[in-house]
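Structure first, commentary second.
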């Protein structure tokens, strides 16, 4: 059940009861594990089987990978690792004070929506600020532009994603370390993109770890550090028919993907 942007699954013990429930959010070409809820442990831990089913269903819906987040010391972390998930970054959420107290006024800084003419510059900046493991699960500017970009000294030196719901906003900013007054730059982003929000949160990741000292000036940490894990799917479609796989035409040319098949022909195929 669910809309096209998320789905839920239930692991059933029989026709009358369930062992566990789970929900997955579909985002672009990937999926995100929202939550899993075990109900019964009569026949062992039901979460590994539920997790395998959620991954399969996400792949059938076109996802190329699934990501999840949890605390390192949580038992779910070991469950995800056993299911093939690998850590690729971490995250922590901060709640901004009202009004945010900055370390001065940023000079020559402008936050604005991006344009198509800035795709190349934004893509170059993403390659500088985001690790390869993160870029593998995040759409590049060529596929999806960020919500806001920062112009500093006449160049694009930052960008941010924005998620808003019920007047609450989550910002995921990335800026270069060469910028002066980072706390003021983040405060300027809040004033520009969400002046009427009731609550503003900043999502800090491993690629913005250096911002922690500046975030402490304008916000309070509201969650502990969570590890971000990903499982990339290798198969997304049903297996092709044998005649489609065995595409060798000339007998004297070997086909590395053709399976070995018993044959009554005495001719030497090697």
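Condition first: over 23 Å from residue 117 (Cβ atoms) and crowded, with 22+ Cβ neighbours inside 10 Å. Now tell me which residues in the stretch 146-183 satisfy that. Reasoning before the result, please.
Step one: filter the stretch 146-183 for residues over 23 Å from residue 117 (Cβ atoms), giving 163-172, 177-178, 180-183.
Answer for the stretch 146-183, where residues must be over 23 Å from residue 117 (Cβ atoms) and crowded, with 22+ Cβ neighbours inside 10 Å: 171, 182.
Take the residues in the stretch 27-41 that are assigned to a loop (DSSP other than H, G, I, E, B) and touching a strand residue (DSSP E or B) at 6+ places or on another chain (Cβ under 7 Å); name whichever of them is modelled with the lowest pLDDT.
40
The values are calculated or read from the model by the stated rules, or taken from the named source; none is laboratory data. Note that the structure is a prediction, hence the values are computed from the model and not measured. When we count neighbours, we look across all protein chains shown, and the Cβ atoms used for this are built from the backbone with ideal geometry, even at glycine.
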